[in-house]
Amino acid sequence: MKRTLALASAGSLLLAAAAFQGIIAVPALAQDAPAYENSADGLKKLMADIMAAVKADDKTKGESLLKALALPNPDKWFVETFGDETGKKLAEDYNKNVSTLADELGKMFAQAIKKEQTEITVLKIEKADDENATGAQKDALKAMKKPVVLYTVKLIKKGEERGISLWSLAYVDNGFRLIGKLRGLAPAK
């Protein structure tokens, strides 16, 4: 038993040292961040938790959940998903705006609460011909070299059809990430 604990401790120290030296990448997520299953229901639960944190003015929890929506390694993910040329372009666009992601999303949720747009709907989009896909999502799904499922979240006032839409999200590295609208993929006219 002591030997097993010693090996586990040594392994943990090696991983921590490697992460500290930049040898391996470790996503910067809160240790106590809840896990959400890779499904429309899992994303809906995450959005409800964000909404509750913003509504309760729980800045610590809200900020933690909102920051976790950023891609841990956008350069790698976009290139793996869209190929070298397109992936590099999309990663460059993403990196320009990622620093303000949590603040902007926090404002969006606060606005939705103020307007009573607290009904959460999640749309799962798997194919380019899905009637729920936006034009940019259709273009993205067609351009993917390694297909992933995209999600759209709608925040709507009860009894209404329109509200705030948040898109596109994907399940990456064991969590939901906002990958953006991907409008840079629109075919040239």
Of the listed links LYS96/LYS154; LYS44/LYS158; LYS44/LYS124; LYS45/LYS145; LYS45/LYS181; LYS154/LYS181, those spanning more than 19 angstrom between alpha carbons are LYS96/LYS154; LYS45/LYS145; LYS45/LYS181
Volume per residue (Å³) of the convex hull spanned by the alpha carbons of region 36-185 is 101
Taking alpha-carbon centroids only, region 127-189 lies from region 32-102 a number of Å equal to 13
Going residue by residue through region 169-178, the Karplus relation 6.51 cos²θ - 1.76 cosθ + 1.60 with θ = phi - 60° gives ³J(HN,Hα) values, rounded to whole Hz and with x marking Gly or Pro, of 10, 9, 8, 10, 6, 6, x, 7, 10, 7
Mean 1/r over distinct Cα pairs of region 109-148, inverted to a Kirkwood Rh in Å, yields 12.0
Taking a straight Cα-to-Cα line shorter than 13 Å from LYS127, and setting aside same-chain aspartates and glutamates fewer than 8 residues away, one finds ASP139
Fewest to most Cβ atoms within 10 Å: SER99, SER39 sort as SER99, SER39
Measuring from its Cα centre, region 113-189 shows a charge dipole (+1 at each Lys and Arg Cβ, -1 at each Asp and Glu Cβ) which, in debye to the nearest 20, is 300
If R0 = 41 Å, then LYS157 and ASP84, at their Cβ-Cβ distance, give a FRET efficiency to the nearest 0.05 of 0.40
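All of the numbers you see were taken from the coordinates with simple rules; none came from a lab. Being a predicted model, the structure only gives us computed values, none of them experimental. Don't worry about glycine lacking a Cβ; one is built from the backbone with ideal geometry, like all the others, and counts go over all protein chains shown.
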